[in-house]
1. Any residue in the range 9-32 that is in a loop (DSSP other than H, G, I, E, B), at pLDDT 90 or above and farther than 22 Å from R61 by Cα?
2. Exactly one condition in (1) out of contact with any Phe, Trp or Tyr (no Cβ under 7 Å at 6 or more places or on another chain); (2) free of Cβ contacts under 8 Å to residues at least 40 places away in the same chain is not met by K43; state its number.
3. For the range 33-70, what are the residues that are over 10 Å from the mean Cα position of the chain (by Cα) and part of a strand (DSSP E or B)?
4. Among the residues of the range 86-131, write down those that are assigned to a loop (DSSP other than H, G, I, E, B), among the acidic types (D, E) and modelled with pLDDT under 95.
Amino acid sequence: MRDKILDLLKKEDYAFDKEKWKSIENVPFLLNADTTRLLNKIKKHMGVAKGIYIFSDADERILYIGKGAPIYNRIRRHFAKLKNCSSSSLHHTDSSHEIPALITIHWVEIEQPETREIVEHMLSYTLNPAYKKWSIS
């Protein structure tokens, strides 16, 4: 089943391919004086694009898959959560892990909300991200 879904994603040009997807590398996922500058850089690159985004770590492990309309607003909310917490941990389905020091944010633009929803689920199924929820405590 996974192969059939991956073939469909490839056919529709939505399969994750870091050569085809846009990305910003070496993003520090932490709150400091550079956070506002970093968010402005992300906004400049993404604009008001609607679509799917993927967080990956330095080892290219898929951490999280999400959708946004626009994508930037969702990513900004992830950073905003850092302001409201004292601990920098993510909740994995099995245990708690530290946020990686640097992440890469990949994204592909998908205008239609229904397509975004379906593609997000298909990518989550085929790529099996480390985190099903990206929540900070």
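The values are calculated or read from the model by the stated rules, or taken from the named source; none is laboratory data. All of these numbers come straight from a predicted model, not from anything done at the bench. Cβ atoms come from the backbone with ideal geometry, glycine included; neighbour counts cover every protein chain shown.
1. There is at least one residue in the range 9-32 that is in a loop (DSSP other than H, G, I, E, B), at pLDDT 90 or above and farther than 22 Å from R61 by Cα.
2. All conditions are met except number (1).
3. Just the residues of the range 33-70 that are over 10 Å from the mean Cα position of the chain (by Cα), to begin with: 33-51, 57-61, 69-70.
Within the range 33-70, just G51 meets the criteria.
4. Let us first name the residues in the range 86-131 that are assigned to a loop (DSSP other than H, G, I, E, B), namely 86-88, 92-95, 99-101, 110-112, 128-131.
Subset that is among the acidic types (D, E): 94, 111.
Answer for the range 86-131, where residues must be assigned to a loop (DSSP other than H, G, I, E, B), among the acidic types (D, E) and modelled with pLDDT under 95: just D94.
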